[in-house]
Structure formats: C-alpha cells, structure tokens
Amino acid sequence: MKAIVLSGGKGTRLRPLTYTGAKQLVPVANKPILWYGLEAIAACGITEIGIIISPETGDEVKAKTGDGSQFGAQITYILQDQPAGLAHAVKIAQPFLGDAPFVMYLGDNLVEGCLDGLVDQFKTNTLDALTLLCEVPNPTAFGVAEVDETGRILRLVEKPKVPPSNLALVGVYLFSPKIHEAIAQIQPSARGELEITDAIQKLIDLNHKVEAFKLRGWWLDTGKKDDLLEANRLILDNYLQSSIRGDVDESSQISGRVEIGEGAKIVNSTIRGPVSIGRHCHIENCFIGPYSSIADGVTLIETDLEHSVVLQQAKIVGIHQRIVDSVIGQRANLRVAPQRPKALRFMIGDDCQIDLA
C-alpha cells in the first residue's frame, strides 16, 4: 500500500500567513501540520508516500520535509500545476501509485489517533473505497455521506442544503486501483474541478464496495485562525511532554507541562503550561499562559501571552496588554512606538484581522 498527501492549495483562509508560505507548514505545537499526517501514515507501515505540491509553495515543502527519512518513509514529490480538484491530484499521481491500493490524506487536516483501524477494515472487507467520517454540528459546510446500517455508503453530497446525515468527509480516504477508472469517467464540477466525491459516487453507482469508517476522536480542518488555535490546544493538551533543554534563571517560575528547546533563555518570567517554546528563543520579563506555542528564534520581552501561536523569529517587545487568541506570523515585529503624541501606528498586510480593546 502507498499513500499520497495533498499539500497544494493557496490557503486563502489563513492569509496573510499563507501569502509567503504553505498552509500545511504552519506549525501546531511547533510542528508543521503536514508532518502529523506523515507520521500517522508511516506509523501504520506505509513507507512509500507521494506529496502533491503546487508551483507556489512546493519548494518550501520540499526543503522543510526532505526525503522522508525522518519519518521512516520515502517521499516522492508530485507537482500539480493548478488546483484542479482532489480527483485530479489522484490522476496526476497515477504513475507513482501504479496498481497499488493507497491512502489519500489531506495535508491540512489533523485527526486524532492512527490509521490502523482504517487499513484493517479496508483489507479485511476487500474494499474499493473507504472514507473516514466524523459527526459535525454543521454538515451543510462539508461533503456529507449517507450510510446504511451496515456501514456501506449509499451516496455522497457536497455541502448539501438539506443534509442526509451529520457525517462529514474528514479528508482521509483509502482506495483500490478501481478509483482510477472512476476518475476517468467523471467530468469537472461547476467550479471546474475533478471532485473526489464524484469519483467515489461513480464507484457506488457501479456497485463497487464503498464503506465508511466513523472517527471516534477529534478532527480539525486547520484552514482558519480559530481552528488553528483549537488544534494547538488539543495537541498541547494530549501530547505535550515536559522537557526543559534551555536555560531558565532562578527568578523564573515554570509550572505545568512545559517544553523549552535548546538554546532558549528564560529570564525573570512565569510560564504556565501546557506551553511549547522552540529553540534559541529569548523570553524576558514575560508571562506565558497556557496553550501557547512559540517557535524557534522568537524574542518576547515584557509581554503577556496566552492561548496563542507565535511563528519563527517574531519579536514582541513592551506590549503592556495581554495578547490572547492570536496567531503572529514569521518575523513579525510588535512593539510600542516611542513617538509622541500617543497613537496607534500600523503597517498591515492584506487579509489581516486586528481587534483593539
């Protein structure tokens, strides 16, 4: 069995962070979102992985993720010239996939647990498609499955006005080679894309074996700021282990589960976990509250921060109001300007959101 992981797209819902980088590389608990999926795939014994990349961010994904050796896998990068749909991604990956069954995993998803149960059901029942489903409160926002009492999928509907169920397609699929024949028989949708839901529906219409696997844990699509913060909270809550490899002076107080990377310096600060702090950070005269992730090379001085994600090499100095529920981009510089008269001065990029109290 092989796998393909989708890491293209433009990440419009996470702008301005994704103007200059891939949304799948935005960190959650100081690890790129994409890597959680790669680890889950490798953990169930699948070592041949193709990553679908776009022209805009493909080089960054390659540079960051490498050849796959850190995951115990071998990665092949597959260029998708234009965002023409999930089924199109499968189509261009066919030379890599050959006649092997495969997992398809959307690289901006975070799913609790491993994939062993899905793989076992797929193999045991000799299926042609298996889709991971999750109960959601707002099924009109997703692709939705209608499932019978045996777990067989009857039909799929994309963002229905009247949903047949509350079971949303999570973005993890297993396919036999028959999916290639189904994709060859479908046409682009109204938005000009080859939809994987149409290809799965074609398998259903042709009486191939298509079943569902209901997720028992949590699932998050990290495409929006609040979803990213919630993913960060869940990962810190469930997986963070205390590890202090940096320098913490005697006037600082550390409580709860806190991870501090090599070369980091904590001076006269209070840190209440769960908190993840990367390498070579400088934190001085600060309060860092729960559910915060601070990436490598960040400088925080005289700053209070809680339930936030700060990306690489950002610098926040002398902000005398607590920063909460925030995502601060790479190399961002927040400071109190010394000029008089007292006023707010901004240079703000496209699609930013700033709330002032």
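Evaluate the range 232-240: report whether one residue or more is touching a strand residue (DSSP E or B) at 6+ places or on another chain (Cβ under 9 Å) and open to solvent by 30 Å² or more (accessible area, probe 1.4 Å). For the range 232-240, residues touching a strand residue (DSSP E or B) at 6+ places or on another chain (Cβ under 9 Å) and open to solvent by 30 Å² or more (accessible area, probe 1.4 Å): absent. If you check every pair at least six apart or on different chains, which have Cβ atoms under 6 Å apart with a residue in the range 187-200 that is crowded, with 19+ Cβ neighbours inside 10 Å first and a residue that is assigned to a loop (DSSP other than H, G, I, E, B) second? As it stands, the answer is L194/G85; L194/P188; E195/G85; E195/S189; D198/I186; A199/I186, since those pairs meet every condition given. Contact map, the range 150-163: residues that are open to solvent by 30 Å² or more (accessible area, probe 1.4 Å) paired with residues that are at pLDDT below 85 and not in a strand (DSSP E or B), Cβ distance under 7 Å, separation 6+ or inter-chain. Pairs shown: K159/A141; K159/F142. The set of residues in the range 294-310 that are in a loop (DSSP other than H, G, I, E, B), out of contact with any Pro (no Cβ under 8 Å at 6 or more places or on another chain) and more than 16 Å from G246 (Cβ to Cβ) comprises E302, T303, S308. Residues that are open to solvent by 40 Å² or more (accessible area, probe 1.4 Å) and of a type in the set (A, V, I, L, M, F, W, C) were ranked within the range 290-318; the one that is modelled with the lowest pLDDT is V317. With respect to I328, determine if the residue is modelled with pLDDT under 90, crowded, with 16+ Cβ neighbours inside 10 Å, among the aliphatic types (A, V, I, L, M) and closer than 23 Å to E230 by Cα. Yes, satisfied.
Report whether or not K214 is under 25 Å from C44 (Cα atoms), open to solvent by 50 Å² or more (accessible area, probe 1.4 Å) and in contact with a Ser or Thr (Cβ under 8 Å, 6 or more places away or on another chain). No, not satisfied.
The strands (runs of 3 or more DSSP E) found entirely in the range 57-167 that carry 1 or more residues being farther than 26 Å from D227 by Cα are 74-79, 102-106, 129-135, 143-147, 153-158. Here D67 meets each of (1) surrounded by 15 or more Cβ atoms within 10 Å (Cβ to Cβ); (2) modelled with pLDDT of 95 or more with one exception, condition (1). The set of residues from the range 106-126 being over 21 Å from Y239 (Cα atoms), touching a residue at least 12 places away in the same chain (Cβ under 8 Å) and out of contact with any Pro (no Cβ under 9 Å at 6 or more places or on another chain) comprises L106, L118, V119, Q121, N125, T126.
For the range 167-186, the criterion of being under 25 Å from the mean Cα position of the chain (by Cα), at pLDDT below 95, open to solvent by 60 Å² or more (accessible area, probe 1.4 Å) and over 20 Å from G50 (Cα atoms) is met by none of the residues.
The values are calculated or read from the model by the stated rules, or taken from the named source; none is laboratory data. None of these values were measured; they are calculated from a predicted model. A quick note on method: Cβ atoms are made from the backbone with ideal geometry, for glycine too, and the neighbour counts reach across all protein chains shown. Accessible surface is based on the protein model in full, side chains and every heavy atom, while ligands, DNA and RNA are left aside. Shrake-Rupley method; radii C 1.70, N 1.55, O 1.52, S 1.80 Å.
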